[in-house]
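J.: My questions will all concern the structure given below.
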Amino acid sequence: MSGELHLPDLPEVPVSLGKDPGAPCQPRLAWRARLGSLAGTALPLFTMAVLAAGTWWLVKNAPQAETGHLPGKVRHVPDYQVEHFTLERYDAQGRPTTRIEGEHSRHYPDTDEIEIDTVHVLFYHPDGRVTRATAREALAAGDGSKVQLMGAAHVISTSTSGDTVTMLGEELTAEPKLRRVSSDKPVSVRQGNTEVLADAFSYEQASGLLTLKGHTRAVLMPRAASAARR
């Protein structure tokens, strides 16, 4: 058994989802609002990026100061100079240990050394003896531990026996704290009636020990000749 169901024709009814189709659409206004919001957020970021790039460019292309030494390294140039000076040093008890006189001096901070022109030095020893030294130039350590005499260096000391000891050479090094005079260059040492020529030497004033190195030649002078040379 079969049957058919007939529905009456229904009138066409317009169907619309969302807004009324008759209402005006404003897509352009929505996009403009979105673009305006985006521009308001991105503009500060863009401005900061431009400023950062400009700063980098300025730093990259800024002229650099020309220096002839490594950063942080002190150059070997004098930080002060003195004319016609006298420098004296004392021990903890207030007794003089060294007196240096010179025509001109220059202090170098990188090595803490003093260059001296036409130098005269006095070394005072605890036992009362005094060592005198002269030279055309000298290089003295800042703490007074060493004085290197250069150019016609002349040192006069006194031995433990009371004899005068004279040392001559182009370069002599005096170490007041050690009470030592030495040189690795040819030197002449004269004590009493004896004169010794050597390639190098070391003289310990406290003990009177004279150490000669290299080629050595001794000259024994008669007392009359010795007195005449003095």
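The values are calculated or read from the model by the stated rules, or taken from the named source; none is laboratory data. Keep in mind that what you see is a predicted model, and the values were worked out from it rather than measured. Positions of Cβ are generated from backbone atoms using ideal geometry, with glycine treated the same way; all protein chains shown enter the neighbour counts. Heavy atoms of the whole protein, side chains included, go into the accessibility calculation; ligands, DNA and RNA do not. Shrake-Rupley method; radii C 1.70, N 1.55, O 1.52, S 1.80 Å.
J.: Test Val165 against the stated conditions and say whether it is assigned to a strand (DSSP E or B) and either more than 23 Å from His84 (Cα to Cα) or among the charged types (D, E, K, R) (or both).
T.: yes
J.: Any idea how many residues of segment 168-203 are assigned to a strand (DSSP E or B) and among the basic types (Lys, Arg)?
T.: Total satisfying the criteria: 2.
J.: Restrict the check to segment 219-226 and report whether at least one residue is farther than 24 Å from Leu87 by Cα, in contact (Cβ under 8 Å) with a residue 24 or more places away in the chain and part of a strand (DSSP E or B).
T.: Looking for residues that are farther than 24 Å from Leu87 by Cα, in contact (Cβ under 8 Å) with a residue 24 or more places away in the chain and part of a strand (DSSP E or B), one finds at least one in segment 219-226, hence yes.
J.: Would you check which residues across segment 102-131 are closer than 20 Å to Thr166 by Cα, assigned to a strand (DSSP E or B), open to solvent by 30 Å² or more (accessible area, probe 1.4 Å) and touching a Ser or Thr at 6+ places or on another chain (Cβ under 8 Å) and list them?
T.: If the condition is that a residue be closer than 20 Å to Thr166 by Cα, assigned to a strand (DSSP E or B), open to solvent by 30 Å² or more (accessible area, probe 1.4 Å) and touching a Ser or Thr at 6+ places or on another chain (Cβ under 8 Å), then His120, Leu122, Tyr124, Val130 are the ones that fit.
J.: Also, quick follow-up: In segment 191-203, which residues are open to solvent by 50 Å² or more (accessible area, probe 1.4 Å) and at pLDDT 90 or above?
T.: Hits for segment 191-203 are Leu197, Asp199.
J.: With respect to the numbered conditions (1) of a type in the set (A, V, I, L, M); (2) in a loop (DSSP other than H, G, I, E, B); (3) surrounded by 15 or more Cβ atoms within 10 Å (Cβ to Cβ), which one is the sole condition not fulfilled by Ala92?
T.: Only one criterion is unmet by Ala92, namely (3).
J.: Further, regarding this structure: Inside segment 149-177, can you point out the residues that are open to solvent by less than 30 Å² (accessible area, probe 1.4 Å), more than 29 Å from the chain's Cα centre (by Cα) and not small (Gly, Ala, Ser)?
T.: Selection gives Val155, Val165, Thr166, Met167.
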